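Here, each number is a calculation from the coordinates, and none is a lab measurement. Since we're looking at a predicted model, the values are computed, not measured. Don't worry about glycine lacking a Cβ; one is built from the backbone with ideal geometry, like all the others, and counts go over all protein chains shown.
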Amino acid sequence: MITFTWQTVITAAAVAAAIIALVGYYNKAFKWYQKQERQEMAIARMKEENTMVVFALSACLDGLQQLGCNHTVTTAKEKLDKYINQKAHE
């Protein structure tokens, strides 16, 4: 027959608390990891969207240039082309 002393009860409670704490930390770390993956996917989508916006802007400026709007359109188009070229070589 096993006799339970207060020391045994306290030790069992300490072990249970440690296990619960470890499981809690594991869950917290796992949720953080999942959040990081979701953020990375969101950043990749935003980069793709930004690329499309920049190319659409370039096409719009090109169209305005062809229509004869040459004042600041030319400067903006040149700066945008220079920016796209620099980013492509990074």
Exercise. Return the distance in nm (one decimal) between the two label points of a simple spin-label model at ALA14 and ALA42, each offset 7 Å from Cα along Cα→Cβ.
Key: 4.3
Quiz item: Once the piece of chain linking THR3 and GLU90 is laid out straight, how much longer is it, given 0.36 nm per residue of separation minus the C-alpha distance between them?
Solution: 24.1 nm
Quiz item: Number of Lys-Lys pairs in the chain under 26 Å by Cα, sequence gap 8 or more or different chains?
Solution: 8
Practice problem: For PHE55 and ALA29, calculate 0.36 nm times their separation in residues minus their Cα-Cα distance, and state this gained length in nm to one decimal. | Solution: 5.4 nm
Practice problem: Work from the charge dipole of the chain (Cβ charges, +1 for Lys and Arg, -1 for Asp and Glu, about the Cα centre) and give the residue of PHE4, ILE43, LEU61 farthest towards its positive end. | Solution: PHE4
Self-check item: Rg/Rh (Cα only; Kirkwood hydrodynamic radius) as it applies to the chain
Solution: 1.62
